[in-house]
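J.: Quick one: structure below, then a few questions.
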Amino acid sequence: MKKLLCLLLALLTIGGCALAETENKTDEAVLNIFTWEGYIDYSTVIKPFEEETGIKVNYATFSSNEEMYEKLSAVNGGDYDVVILDELTIALHFGLLTEEEVLEALRQRDPRVEAVITGRYAPQALLDAADLVTEMREVKHYYTQGVLSRDGIDR
């Protein structure tokens, strides 16, 4: 179970997710996961999690940035309790999105939706608009040992 919970925590950081009631308003616990296609294997991750916890998993994926952008209307509609926009600041840094687009999307989101944005080079306007800002620093990293990336972690 401990291994499964660690895996679930990892899943929660990959994409938007929520633990909520189902549409028919029963007391059934449901975990909604929204992430890149191919990140999570149903038979080895989701099915064992459902069997062990009794929590139903709704698993939605996207296969392109365009599809992700379209589906992220969930931020406005409150379909998720938490939406994690991993490395969004890198997209801003490289000009793939504008600061104003991101700030406007945050202003328009359902107030019940918690938005988590990660990455380096956060512009000051985003920091000013945030309710919470944390800064991570490297203590030890395999990159300094010559390892560029690892299967299943970085690629």
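J.: I want to confirm something. Restricting to the range 70-103 and keeping residues that are surrounded by 14 or more Cβ atoms within 10 Å (Cβ to Cβ) and part of a loop (DSSP other than H, G, I, E, B), which single residue is modelled with the highest pLDDT?
T.: 97
J.: Would you mention how many residues in the range 112-124 are part of a loop (DSSP other than H, G, I, E, B) and at pLDDT 85 or above?
T.: Summing the residues that are part of a loop (DSSP other than H, G, I, E, B) and at pLDDT 85 or above in the range 112-124 gives 6.
J.: So, in the range 125-155, how many residues would count as being outside any loop (DSSP other than H, G, I, E, B) and under 30 Å from residue 103 (Cβ atoms)?
T.: Of all residues in the range 125-155, those outside any loop (DSSP other than H, G, I, E, B) come to 125-129, 142-145.
Adding the requirement that they be under 30 Å from residue 103 (Cβ atoms) leaves 125-129.
Selection size over the range 125-155: 5.
J.: Turning to a different aspect of this structure: Residues that are surrounded by fewer than 16 Cβ atoms within 10 Å (Cβ to Cβ) and modelled with pLDDT of 80 or more: does the range 11-26 have at least one?
T.: Within the range 11-26, not a single residue is surrounded by fewer than 16 Cβ atoms within 10 Å (Cβ to Cβ) and modelled with pLDDT of 80 or more.
The values are calculated or read from the model by the stated rules, or taken from the named source; none is laboratory data. Computed from a prediction, not measured in an experiment: that's the story for all the values here. Please note: Cβ atoms are built from the backbone with ideal geometry, for glycine as well, and neighbour counts cover all protein chains shown.
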